[in-house]
1. Out of the residues in region 18-37 that are surrounded by 15 or more Cβ atoms within 10 Å (Cβ to Cβ) and at pLDDT 75 or above, which is nearest to the chain's Cα centre (by Cα)?
2. Taking residue 112, is it in contact with a strand residue (DSSP E or B) (Cβ under 8 Å, 6 or more places away or on another chain), at pLDDT 80 or above and outside any strand (DSSP E or B)?
3. For region 77-108, what are the residues that are at pLDDT below 95 and either outside any helix (DSSP H, G or I) or touching a helix residue (DSSP H, G or I) at 6+ places or on another chain (Cβ under 6 Å) (or both)?
4. Need pairs with beta-carbon distance below 6 Å; first residue within 15 Å of residue 93 (Cβ to Cβ) and within region 31-42, second modelled with pLDDT of 95 or more; sequence gap 6+ or separate chains.
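The values are calculated or read from the model by the stated rules, or taken from the named source; none is laboratory data. Bear in mind that the values here come from a model prediction, so they are computed numbers and not experimental data. Here the Cβ positions follow ideal geometry from the backbone for every residue, glycine too, while neighbour counts run over all protein chains shown.
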């Protein structure tokens, strides 16, 4: 969800990679629904496992409560967003998580713009 929202809001200004410490076998249909409601399509999205290569290639690593399962590398900027697990929520709850992720992403994009002076 966060990667799709970031891609949508950043409009190509950042490169986003998405991975999970325990990825599902398929996309959560409620996430697809609430993102579609917001005009965000998941045409090529699929759950991917978190690898060291993904983290090493990143400037900013956003985690969502993965704890020790997430690799840590010096020199990377880490943000941990405490969010409810959409898999445990009804559709309205997933909408709330979507809205919270949108707020987080807007804040992150703003801080990135400030750090590079654009």
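1. By that ranking, first place goes to 18.
2. yes
3. 77, 78, 79, 80, 81, 82, 83, 84, 85, 86
4. Listed pairs, sorted by first residue: 34/94; 34/95; 34/98.
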